[in-house]
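The structure appears below as structure tokens.
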Amino acid sequence: MAQPTLSRQIQTLEQALKVSLFERANRAVKLTASGRIFLPEAKRILGLAESAANLARRAWRGEYGTIRLGFTATAAYSLLPPILGRAAIDLPELRISLKEGTTTAQKAALLADELDVAILRPSAGRGLFSERLVHQERYVAAVHVDDPRARKDTLTPQDFHQQPFIMYSADGAGYSHGLLTALFNREHVVPIFSHYLDQNASILAFVAAGMGAALLPHSMTLLSCENVVFKDVTVVPQEPLELYMVWRPTNANPAMPAFLALCESLFQTPLAA
């Protein structure tokens with residue numbers, strides 16, 4: 001910058017601040033007391049401006065920001081660990097805000113723009129969202145350690161006929177309730193439904209208390225629960241339990257494409273925004 005231009009800009013700055021920043025004498029120029037205080041603060045402000053610009057650029061590329069991710073309890077065991085682990089490596093400045101909830105609650109949160117992405121069970125009204133299948137698993141039986149069925153290698157649906165059974169509720173866990181109801185009807189099995197519950201962990205606790213057996217997602221075997229034994233169940237045909245990743249197609253969060261691409265690399269399903 002030419003000297004006259006620089007001098008005019010300094011004078012303009014001093015007029016705006018209403019202070020003298022430089023002492024000028026005998027062709028020597030040095031900072032005044034005000035100038036010495038102003039200089040480091042000015043450098044800090046310039047640094048913050050550059051930092052803000054960098055953050056804005058990273059946010060635009062989806063490398064910085066927040067993803068509000070909802071999930072079911074089952075997803076916490078099967079899907080969240082790989083997602084969070086990979087995100088910490090590939091997108092270290094992306095914050096993932098987690099919220100557990102039932103499929104019904106997550107759908108409502110998506111529609112209210114309280115979540116960006118949800119991992120949930122198939123349900124009615126899914127046509128409102130973009131979605132991709134990300135996980136399938138089978139049922140296993142959970143029985144009390146003192147139950148005679150705990151000594152069998154494998155069980156069949158007939159092993160639950162006229163036996164105490166802890167069932168999913170139709171309101172809070174409609175997907176699993178419907179699958180098991182269809183299975184029992186197809187196999188002509190009539191369990192004695194002792195309790196209706198929404199959450200897998202609660203059902204498992206009731207099994208541990210000796211209140212009945214249950215059919216739970218295989219991922220629940222990752223939990224260590226005293227007095228509970230897991231057994232494979234022979235079912236033909238085997239209808240898998242499914243989990244979907246779901247989001248609103250109108251979601252404008254700039255972090256979404258990078259997050260969906262990360263999930264695509266993990267689960268090998270196309271997750272186009």
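The values are calculated or read from the model by the stated rules, or taken from the named source; none is laboratory data. Predicted model, so just to flag it, every value in this text is computed and none were measured. Backbone-built Cβ (ideal geometry, glycine too); neighbour counts: all protein chains shown.
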(Q) Looking only at region 187-226, how many residues end up being in a helix (DSSP H, G or I) and over 25 Å from LEU120 (Cβ atoms)? (A) 1
(Q) Of all residues being in contact (Cβ under 8 Å) with a residue 60 or more places away in the chain and in a helix (DSSP H, G or I) in region 78-105, which is farthest from ALA118 (Cα to Cα)? Just the residue, please. (A) ASP90
Q: For PHE230, state whether it is surrounded by 14 or more Cβ atoms within 10 Å (Cβ to Cβ) and modelled with pLDDT of 95 or more.
A: yes
Q. When residues of region 194-208 are filtered for being exposed (fewer than 14 other Cβ atoms within 10 Å of the Cβ) and in contact (Cβ under 8 Å) with a residue 24 or more places away in the chain, how many remain?
A. 0
Q | Members of region 106-138 found to be part of a loop (DSSP other than H, G, I, E, B) and without any contact (Cβ under 8 Å) to a residue 24 or more places away in the chain, listed by number | A | ALA112, ALA124, GLY125
Q: Count, please, the residues in region 66-111 that happen to be surrounded by fewer than 19 Cβ atoms within 10 Å (Cβ to Cβ) and among the hydrophobic types (A, V, I, L, M, F, W, C).
A: 12
Q) Can you list the strands (runs of 3 or more DSSP E) found entirely within region 1-75 that contain at least 1 residues being at pLDDT 85 or above and assigned by TED's automatic domain parsing to the domain that holds ALA118? A) 65-71
Q) Among PRO157, PRO191, PRO164, PRO217, which is touching a Ser or Thr at 6+ places or on another chain (Cβ under 6 Å), surrounded by 15 or more Cβ atoms within 10 Å (Cβ to Cβ), farther than 28 Å from PHE71 by Cα and in contact (Cβ under 8 Å) with a residue 24 or more places away in the chain? A) PRO164
